[in-house]
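Read through the structure below, which is laid out as structure tokens, and then see the notes.
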Amino acid sequence: NVPEEQADKLLLASWGLPKAVLKKYHSLGVAQMFEWQAECLMLGQVLEGKNLVYSAPTSAGKTLVAELLILKRVLETRKKALLILPFVSVAKEKKCHLQ
């Protein structure tokens with residue numbers, strides 16, 4: 001569980017994303033994460049590029065964790081990233097959202 005003093009980590013605005021990115025997420029109805037998503041981002045050194053393996057049911061929010069990790073790394077390192085998605089429909093959706 002996210003300790004009370006870190007409850008602000010549930011808010012997307014707490015992760016240093018640009019305002020344009022936050023605005024896009026907010027337009028999609030996403031302003032905060034579930035506790036398990038924030039826990040994933042706070043584990044070990046995943047924000048520094050270390051590996052993360054996690055599992056959750058369909059439509060639980062796994063993609064948001066991956067997107068946030070990718071966005072932060074791309075913005076901080078100015079390097080490209082590759083996001084592999086399991087279905088064409090999901091890929092098309094993410095293409096529109098991430099543009």
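The values are calculated or read from the model by the stated rules, or taken from the named source; none is laboratory data. None of the values given here were measured: they were computed from a predicted structure. Virtual Cβ from ideal backbone geometry, glycine too; neighbours counted across all protein chains shown. Please note that ligands, DNA and RNA were not included when accessible areas were found on the heavy atoms of the full protein model with its side chains. Shrake-Rupley method; radii C 1.70, N 1.55, O 1.52, S 1.80 Å.
Things to note:
- Any helices (runs of 4 or more DSSP H) falling wholly within segment 15-89 and containing at least 1 residues that are hydroxyl-bearing (S, T, Y) and out of contact with any Phe, Trp or Tyr (no Cβ under 8 Å at 6 or more places or on another chain): 19-27, 62-77
- Check on L22, surrounded by 15 or more Cβ atoms within 10 Å (Cβ to Cβ), closer than 19 Å to Q99 by Cβ and touching a strand residue (DSSP E or B) at 6+ places or on another chain (Cβ under 9 Å): no
- Tally of residues being touching a residue at least 12 places away in the same chain (Cβ under 8 Å) and at positive phi across segment 2-46: 1
- Residue match in segment 26-39 (condition: within 13 Å of the chain's Cα centre (by Cα), crowded, with 16+ Cβ neighbours inside 10 Å and under 21 Å from T77 (Cβ atoms)): no
- Residue within segment 47-61 that is among the aromatic types (F, W, Y) and exposed (fewer than 15 other Cβ atoms within 10 Å of the Cβ) present: yes
- Subset of segment 58-77 [closer than 18 Å to A13 by Cβ and in contact (Cβ under 8 Å) with a residue 24 or more places away in the chain]: G61, L64, V65, E67, L68, L69, L71, K72, L75
- Residue check for R73: at positive phi and open to solvent by 40 Å² or more (accessible area, probe 1.4 Å): no
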